[in-house]
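Here the structure is laid out as structure tokens; the discussion comes afterwards.
The values are calculated or read from the model by the stated rules, or taken from the named source; none is laboratory data. Not measured: the values here are computed from a predicted model. Every residue, glycine as well, gets a Cβ built from its backbone with ideal geometry; the counts of neighbours run over all protein chains shown. These accessible areas exclude ligands, DNA and RNA; they are computed on the full protein's heavy atoms, side chains included. Shrake-Rupley method; radii C 1.70, N 1.55, O 1.52, S 1.80 Å.
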Amino acid sequence: MQHMQHMISKQAVVIGSGPAGLAAAIALKTAGIDDLVVLEREKRPGGILSQCIHDGFGLIRYRQPLTGPEYAKLDLDNAARLGIPILLSHTVTRLTPDRQVYVTSPTGMKHFQAGTVILAMGCRERPRGAISIPGTRPAGILTAGAAQYLVNMCNLMIGKQIVILGSGDIGLIMARRLTLEGARVLAVVEKLPRPGGLPRNVRQCVEDFQIPFLLKHTITKVEGTRRVEAVTVSRLDADGTPVEGTARRIPCDTIILSVGLIPENELSLQAGLPLDSATGGPVTGPDCQTRLPGIFACGNVRKVHDLVDDVTEEAKIAGRAAAAFLRETAGGQPGMASAAAAAVADAAAAGAAAVEAGAPRKITFSSRDQKPLKWEIPGIKTREPLPANLTCIICPIGCSLTVRPLESGQTEISGARCVRGRNYAVDELTQPMRILTTTLPVQGGTAPLVSVRTTRAIPRESLEHAMQEIRVVCVKAPVAAGEVIIKDLLGLGADVTATAEVPAAPCEGSCSIRQLF
Amino acid sequence: MDHLYDVVIIGAGVAGCAIARELSRYRLHMAVLEKESDAGMGISGRNSGVVHAGFNCTPGTLKAGMCVEGCRRFEAWCRELGVPYRKTGKLVVALGNEDLAPLQALMDAGVRNGVQDLRIIGPEEMREMEPHIGGIAAMTSPWTGVTSPYELTIGLAENAHANGVEFYFSHPVTRIRREGNTYRIQAGEQMFRSRAVVNAAGLFSDRVAAMIGDDTYTLHPCRGEYYILDKRISALLHRPVYPVPRPGEGGLGVHLTTTVDGNVLIGPSAEYIEEREDHGTTREVMEQLYQEARQLLPEMERKDIIRDYAGIRPKLVGKKVGGFGDFIIRESDKNPGFVNLIGIESPGLTSAPLIGEYVADILGQRLPLAVRPDFQPVRRPPVRFREASDEEKARLIASDPAYGVIVCRCEEITLREVLDAMNNPLGVRTLTGIKYRTRAMMGRCQGGYCLPRMVELLQETMGLAPEEVTLKGPGSELFSGRVKTGTCTCSTCST
């Protein structure tokens, strides 16, 4: 047919330009695979990180708390430097077992024959239907990720009185985000006896703002015909059944669902890949190769990860293994076992820890395996009595710290695996410090908002004041990533800088003209 | 201001829209008044979408006649209106020996109603037709089909609109007065005057009738809850499968329905309720649905559920009596030119083609029905990119690059389709309206991915302010405003 595209041969096709896809593509390119392409369905590259404006990314890889857009930018810049092509608004609609990739794009239907395919499609959120919450279906019920996109990218306020169901990290992050923007988070409701998210998020997103955490509870009814009017929450018994007499009605206008992430495997299923019932992702070997030779999976499409650092590390393994696969197939020796061996050797060469049989290497933090340490420091004077326990929020390990006054007048801090834990404890007891991330409105840009951060942590007690100070500021496009927008915020010694770039809109004076694709 | 209409129809459900579309053949000035934000937002959008063959109706009733004839005409009707329809056939399954006699009785009633090709089949033939279904015997009904009930209602409304009928959404009727030979109808803030009125107000038809003094009708709302299952399940089922109905129940029993889009529905339950618009689902019924559906389809799992919803039947027969009443479609005794439609529950969808004609016959005695030479019966169906061949897809993208942008990944809906839906002729700008017209947000992620994109598009292409974006009309706003309202004082921006 005249409009049909002819088949395009590529050594490697990477599906998705989030952290996994970028790291895999960079690894491929670094291994000498030049004929590759990254396919991205969005009109911007970088995946989900662009809406994750909070800090906490790269704590392992870069040993500093980056925001999502900052973490993404490092990989995007690297990919650009290496000349890796990323095709935007390209949606893969079909994948065959022999690595044919069918794409729908504004420039036509495209058909790739790939030597190797790397699946890096990420994950999606479990919707309400999947957990069957009884009640009505009015406006005001959103998944946490959708809420995050609307608030952080679209400048839309989703509600004022909010109940969060589930305690996944995105839900916790949104609890803080919405509180800082003036909403009231009435409760975080979790069916399990413990929070789902990382300890650092429980601490700085929920406890910092005195948001009630209802463990072993669930929403048993949603009320409201047009907009959410209230929820009923009930306590759950050991079998997960609501306990009679514990129902409590909470008037609210919004429900945010943070009830789990599922690997995005429509394409994997289509290609006939067997999925692991535990992870929901394709079954892979230690080199991330799926059961179909030459098709690799990495990042959240393989298994939902807590940390982007782990995603990147896993994607590097997949990229190297895919390069090894290409070398071998070119040499006429296609074989999964040897490709795996090459990847393992590569990983080992990169100074990685031993690979567990049957699963990609678990990332080990340098300090995770160390014994908890103990310090005696000059006595800490606090307004309130010393809390028995603290959870360190500096890195994702979340060490459990114990603080104890000694008879000598000194204070003992124990439980941390590194000195940062001791420093954190001292700060937390005297002057808790937090990095503030938020957004600012942009005039004349291609996006309505720019994400910003404080360059360093500021006192927790100053967060509200800082938000008020920031609220009256408006930025004019273009904005460069890293650009200082407020110098020395409130005299606290921290600047407010842009964490992403916002180019000027092509049409002058227009604040929201945006390309549709 | 209060212009004189020939006919005002109250209710834009499938009955009201079928009547509007049928009457739009004639030189009549007409308006449809609807309290919700779109057509098909009530009973018509919340059912199984099954086009019934007619064996469930009591022989000799208005229902039986309309259903059997409606079923025969349905395929051609849908083709004319550009609406999906599939003649799937149906199985009514006997789960145990006690179901065998009622199954035979059902078949006898069907034969008396004139339903063709009904047959009782044994387990072997059943397994051949539906290998994953339990049960010991079944009746097969080859004439039963499925349609998309909301797309049909919207198709009727759009075709009526194309033929000159005016639609007023978010216009709840609150008062009707007779003035000589005309009626004055208060709807929302507006007053309408009309020579004739059709009360097709569904769940509220008894109350609308009472506004004009016809106070003898009482409807009993009977809620039916449904589950929607992932498309994975459609590989296990080819046609709707029902149990043998139990006498005295308000519905046809919890059944499995294949939809035109490849999902499977479980439901509906039957529960008499007090509040007419309580579309809430309940924990107890949801559990019961799951258990009953597992009897019919043992392979189904809980993780296959992607959504739940409820519809409410406008029943003329209360809980104590049980079962079904006949449709009431007649001119008011006291009010000439005022036609009431009361108790239009199942099989109202199947009967819709006949309901339109039936009401036209009644009104023909009051109004001159002069055929319009320019009546256009055909509605061009919206483009369904996902159903096109690769060659057609390539051609579509070449004609408009917006066909090359997938906005809803689960259902493979393109930007062009969404923009077309946002520009629909009825002027509906709600998220549910876009969902019903495109299937965007109806897939397994339930809008987690594309809902924010729909919101962006409504703002960017339709110029909606944040506060104007609604799920389903006034009161269902999604946003309280902007997060940041920078007070910029520069000269280029005034916001």
Mean per-residue count of partner chain Cβ within 10 Å for B:390-397 equals 6
Restricted to pairs 8 or more residues apart or on different chains, the lysines in chain B with C-alpha atoms under 25 Å apart form a number of pairs equal to 20
For chain A, averaging the sequence separation of alpha carbon pairs under 8 Å that lie six or more residues apart and dividing by its residue count, the contact order in percent is 13
Restricting to Cα pairs under 8 Å and 6 or more apart, the percent relative contact order of the range B:322-436 works out to 13
iface B-A | buried accessible area, total | probe 1.4 Å | Å², round 100 | 5400
Nearest-0.05 FRET efficiency for A:Leu87 and A:Leu275 at R0 = 25 Å, using Cβ-Cβ distance, is 0.40
Using alpha-carbon coordinates alone, the radius of gyration and Dmax of the range A:437-516 in Å work out to 13.3, 42
About its Cα centre, chain B carries a charge dipole, from +1 on Lys and Arg Cβ atoms and -1 on Asp and Glu Cβ atoms, whose size in debye to the nearest 20 is 560
Taking Cα atoms, the helix A:336-349 axis meets the longest principal axis of chain A at an angle in degrees (rounded to 10) of 50
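Taking every residue in B:454-463, how many Cβ atoms of other protein chains lie within 10 Å of its Cβ, on average?
3
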As straight-line cross-link partners of A:Lys216, the qualifying lysines (C-alpha separation under 18 Å, not fewer than 8 residues apart within one chain) are A:Lys191
Per residue of A:216-229, other chain Cβ atoms within 10 Å number on average 3
For the protein assembly as shown, the accessible surface attributable to carbon and sulfur atoms (probe 1.4 angstrom, ligands and nucleic acids excluded) amounts in percent to 51
Taking every DSSP bridge whose two residues both lie in chain A, the antiparallel percent to the nearest 5 is 60
To the nearest 20 debye, the range A:374-430 has a Cα-centred charge dipole, built from +1 on Lys and Arg Cβ and -1 on Asp and Glu Cβ, of 140
To the nearest Å², the heavy-atom accessible area per residue of the protein assembly as shown with 1.4 Å probe amounts to 39
In degrees rounded to 10, the 0-90 angle between helix A:308-330 Cα long axis and the longest Cα principal axis of chain A is 10
For the range A:128-259, percent of DSSP beta bridges that are antiparallel (nearest 5) comes out at 40
Expressed as a whole-number percentage, the relative contact order of the range A:128-259 with C-alpha contacts under 8 angstrom and at least six residues apart is 33
If unit charges are put on Cβ atoms (+1 for Lys and Arg, -1 for Asp and Glu) and the dipole of the protein assembly as shown is taken about its Cα centre, the option from A:Gln289, B:Leu265, A:Leu449 lying farthest towards the positive end turns out to be A:Leu449
Whole-Å distance linking the alpha carbon centroid of the range B:62-85 with that of the range B:455-471 is 37
By the mean-Cβ-within-10 Å protection proxy, highest first, A:304-312, B:401-409, A:240-248 rank as B:401-409, A:304-312, A:240-248
From DSSP H assignment alone, runs of 4+ in the protein assembly as shown each adding -39500 (n - 2.57), the sum over residues rounded to the nearest 500 puts [θ] at 222 nm at -7500 deg cm²/dmol
Output for the protein assembly as shown (equivalent-ellipsoid semi-axes, sqrt of 5λ from the C-alpha gyration tensor, Å, descending) is 54, 33, 29
Ranking A:Thr499, A:Ala321, A:Ala187 by how far each Cα lies towards the positive end of the charge dipole of chain A (+1 on Lys and Arg Cβ, -1 on Asp and Glu Cβ), the top one is A:Ala187
Those residues in the range A:138-158 that give up at least 20 Å² of accessible surface, probe 1.4 Å, once the partner protein chains are present instead of the chain by itself are A:Ala139, A:Leu142, A:Ala146, A:Tyr149, A:Leu150, A:Cys154, A:Asn155, A:Leu156, A:Met157
For the protein assembly as shown, percent of DSSP beta bridges that are antiparallel (nearest 5) comes out at 65
